[in-house]
Amino acid sequence: MRTARNARIETFTNDGTFLAKWGSLGIGDGQFAALAGVAVDGNGNVYVADSERIQQFAPGGVFVLSWKFNGPVLSITGIAVDVGGNVYVAESYGVGKFLGFGLPRAAFGQFGLQGDQFDLPTGVAVGPSGDVYVTDSFDRVQKFSCP
């Protein structure tokens, strides 16, 4: 498991000027224990993947909400947000699609080496057309059209 030594999120302008930072080591709201990824939606909301939960922050770092995963999650390994505000989370057993406030919309993938299966997903990204790209530990990238 990764540890968050500095346990913080920092934001900068496009030219590198420091804007803000927030967070500390821990498991409470606004704290981080095992950072796994960060994504920003079109409104500037920041989503942070941390161990077995996702935390959402308003622009500037104000804590909004968090949601934890029910069921067998070994570790969150990536996060992405599409233009509609849906949050995609890669975790040990597959990829989940959530509304921005944590309500599940869809899940896809299962363990395996065939098409549409994953050998431990390692990251997720969303392209401009809404296609979802997932990397896994079998050194491959798979493309999905998500509902």
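The values are calculated or read from the model by the stated rules, or taken from the named source; none is laboratory data. Remember, it's a predicted structure, so these values are computed and weren't measured experimentally. When the accessible area is computed, the model is the full protein with side chains, heavy atoms only, and any ligands, DNA or RNA have been set aside. Shrake-Rupley method; radii C 1.70, N 1.55, O 1.52, S 1.80 Å.
In terms of Cα atoms, the Rg and Dmax of the stretch 55-137 work out to 12.9, 42 Å.
In the context of the full protein assembly, S137 retains an accessible surface of approximately 60 Å², using a probe radius of 1.4 Å and ignoring ligands and nucleic acids. Taking every alpha-carbon pair in the chain and binning the separations at 5 Å intervals from zero gives 2, 10, 20, 22, 20, 14, 8, 3, 1 percent. Using a probe of 1.4 Å on the protein chains alone, the accessible area found for F12 is around 110 Å².
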